[in-house]
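What follows is one structure encoded as structure tokens, with my remarks underneath.
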């Protein structure tokens, strides 16, 4: 029982450290890094700094292929310059499809597109399975009791799955983004106001990555104007109440 209590406290500390690290660094993407960073915090694989770097090799192995994405969450890599960002890249509109085809989307994103029409990202996400289980009126709840007598609820059953999203290379209008993602069998899509289009798979939560990552979008502004217009707004004729 005491070992369960230690694990629970360690998990809580890991989540707290991740939250603190996220606040310190705007470059840390919590949607992508939450699961793997929590694991590395629990194993103390990233418990050092860039000065001594005594754990850098171990942390690199723990973060694995997500090291480039998540090293800033644990303060083990320089922070990129994120000050000069198109304000339209921070705004997005999301929508779900009523008839997704997960098998089609998985087949199209399993390997890199030979024509480089899109770029895929795959990262782990944690599902709380208790949210999908039936609720009973007289349901029994179990709690852990630590050595000091404090009671803590057991951690819900967590299942980790891979989320895959695809960012279109070229800029797209809202209508074009919707049509492209639907034709790929995506479950939902996120359209950024700078024209970047993200198609989202069925195992993702919170509508994928809330960051514009299209390789050839947004287009660079040729004039030095402070006025920004949504990409393709004349083509789509979007209503304001449909955009978040």
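The values are calculated or read from the model by the stated rules, or taken from the named source; none is laboratory data. What you see is a predicted model, and the numbers here were worked out from it, not measured in a lab. Neighbour counts are summed over all protein chains in view; Cβ atoms, including those assigned to glycine, are modelled from backbone coordinates with ideal geometry.
Some values worked out for this structure:
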{"item": "Test: residue in the range 192-211 that is out of contact with any helix residue (DSSP H, G or I) (no Cβ under 7 Å at 6 or more places or on another chain), in a helix (DSSP H, G or I) and surrounded by fewer than 19 Cβ atoms within 10 Å (Cβ to Cβ)", "result": "no"}
{"item": "Residue that is nearest to residue 68 (Cα to Cα), among those in the range 101-112 that are in contact with a strand residue (DSSP E or B) (Cβ under 8 Å, 6 or more places away or on another chain) and surrounded by 13 or more Cβ atoms within 10 Å (Cβ to Cβ)", "result": "109"}
{"item": "Test: residue in the range 80-98 that is in the same structural domain as residue 215 (by TED's automatic domain parsing), modelled with pLDDT of 90 or more and surrounded by fewer than 11 Cβ atoms within 10 Å (Cβ to Cβ)", "result": "yes"}
{"item": "Only one of 46, 40, 62 that is farther than 21 Å from residue 158 by Cα and modelled with pLDDT of 85 or more", "result": "46"}
{"item": "Candidates 55, 28, filtered to the one that is over 19 Å from residue 209 (Cα atoms) and modelled with pLDDT of 50 or more", "result": "55"}
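Each row is one residue, and each column tells you yes or no for (1) touching a helix residue (DSSP H, G or I) at 6+ places or on another chain (Cβ under 6 Å); (2) farther than 20 Å from residue 165 by Cβ.
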position: 49; (1), (2): no, yes
position: 69; (1), (2): yes, no
position: 73; (1), (2): yes, no
position: 88; (1), (2): no, no
position: 95; (1), (2): no, no
position: 107; (1), (2): no, no
position: 114; (1), (2): no, no
